[in-house]
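Values in this text are rule-based calculations from the coordinates and carry no lab data. On a predicted model such as this, the values are computed, not experimentally measured, just so you know. All Cβ positions, glycine included, derive from the backbone under ideal geometry; neighbour counts span all protein chains shown.
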Amino acid sequence: MRATCMICVDIIVQGQDVSATPCGHTFHAHCITEWIKVSKSCPQCRTKATERTLIKLFFETSDSEIETDPDTLQQQIDNLKFQLKLKEQEVKKHKEDAGNSKAQAVALREEFRARETIIVDKETTIRALKTQLLYVDSVVDKSKKMKEEVNELKGKLKLLQGLETVLTGTTEEVTLLVNGEAGGSSGVKNIATFCTVLKKELSRAVEKRTKMRSEMMVVMRKCKEAEKNAKSLKEEVDTLTISTRHLEQDNEGLANENTKLKAKIRALEQSIASPSDDVRSSALHRLLFESPAPALLKRLHSQLECDSVTPEVVRMRPSGITKESKEPTGQKEPDSGTTKLVDLVSPPPAKKPLSTSVHPLTDSCNIMKGGRGSYASLHAGPTTSQAWKDRQLVGDQVGYDGLGGHHRADEFPKPSPLMRQLPKKSKFLYKPVKGKGKTNKLTNYFENTFED
């Protein structure tokens, strides 16, 4: 007979405890007991059953049966297979545990190394902290010494403040200070120091007073000398101011005279340019403006005078300048009624070098060159060849042909007139300038009109 327990699904083997419910179903005794503890009913038909109602079964077998039951063998095989599976599971579990243990060992080794590194770092930190602790101890010692020095300096500062009060303070402040120091432990010493310093300052003040007196005497002497110098300089300034005023007055007089002369020159030019039947006026006009080498044209220069040809300005100046007026600039011959004035500012003009090889063309255009200082040469009077030769060009002098070229001055003989005309009186009368030896006449003016 082959019976199976429905609870554990195992075959009921001979020799095992078997129990049955009132409904007749059979189970292992321990299986049905555990089942009833949970649910008091039959596992198959759900009939009510309790531990008291369970029926224990006993199966009897004969001893003559020697053959092994196949169910028993199958059960043994199943048990062995189950145990084998359990062993395999245990082996697998142990292998997993071994792998986990290896991984855990590796992790522990790494953690150990990290912990070891941390320990080394901590030891290094401890050494550094010990070094810092030693440094802090030295700093603490220094701070203690500095505190002691501060206390000493405070005492010295207090003493110096007391000295300053004694030297610069009022009587009341000094009295309060002495009374305050008298009650202290170092009061006598401080008061003795005050007395010593006061004595030194007194001797120093006496020496300083003596020195200041000597310096004051020196300064007073210098002040007196400076006052004398200032007085003399003031007198010189007054003298120079007076001389400057005289010079300004002379300058104004010369400017007025120059203005008058310019007005006379303009009037003369207008009289020359105005149409007139006078033969002498027309001759003067032609000599001035129709000369072969007019003064407004450029002069020829030689290589001896300069390297480049530059235009020169024809200066119109009266010929009434005497030798006294040609003296260096800044000196003026005083008149009979004025004092002598000297120009201390303007430098003397440099004299221009004269060229002996080249004569300016304006000399040939000067109508009064070689004249006698009168109007006789301006009138159409009798002339001679010798007068013309006096005015002819000399050497390499050339003239302009009017067409952009040059030519040598030609000599044209001029017949002497039959009758000599008398000179006319000039319309302009010039008054002699005060303080001058000569009168500035028109002839004198034209003699130096084109001179350099």
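Full extension from L247 to E88: what is 0.36 nm times the residue separation minus their Cα-Cα distance, to one decimal in nm?
Going from the current span to full extension adds 42.7 nm.
Quick one: which residues, 5 or more positions from S41 or on another chain, have an amide H under 5 Å from its amide H? H modelled 1.01 Å from N in the peptide plane, none for Pro or chain starts.
Residues meeting the amide H criterion: A49.
Quick one: length gained pulling S41 to L57 fully straight, 0.36 nm per residue minus the C-alpha distance?
3.9 nm
If I model a spin label at E201 and S101 as a point 7 Å from the Cα along the Cα→Cβ vector, what separation in nanometres do I get?
9.8 nm
Report the extension gain between D10 and I126 in nm, rounded to one decimal, defined as 0.36 nm multiplied by the number of residues separating them, less their alpha carbon distance.
34.6 nm
List the residues whose amide H sits under 5 Å from the amide H of I12, counting only those 5 or more places along or on another chain, with H placed 1.01 Å from N in the peptide plane.
Those qualifying (amide H under 5 Å, at least 5 residues apart or on another chain) are A3, T4, C5.
From the C-alpha gyration tensor of the stretch 111-169, pull out the three semi-axes of the equivalent ellipsoid (sqrt of 5λ each), sorted largest to smallest, in whole Å.
Rounded to whole Å, the semi-axes are 54, 8, 4.
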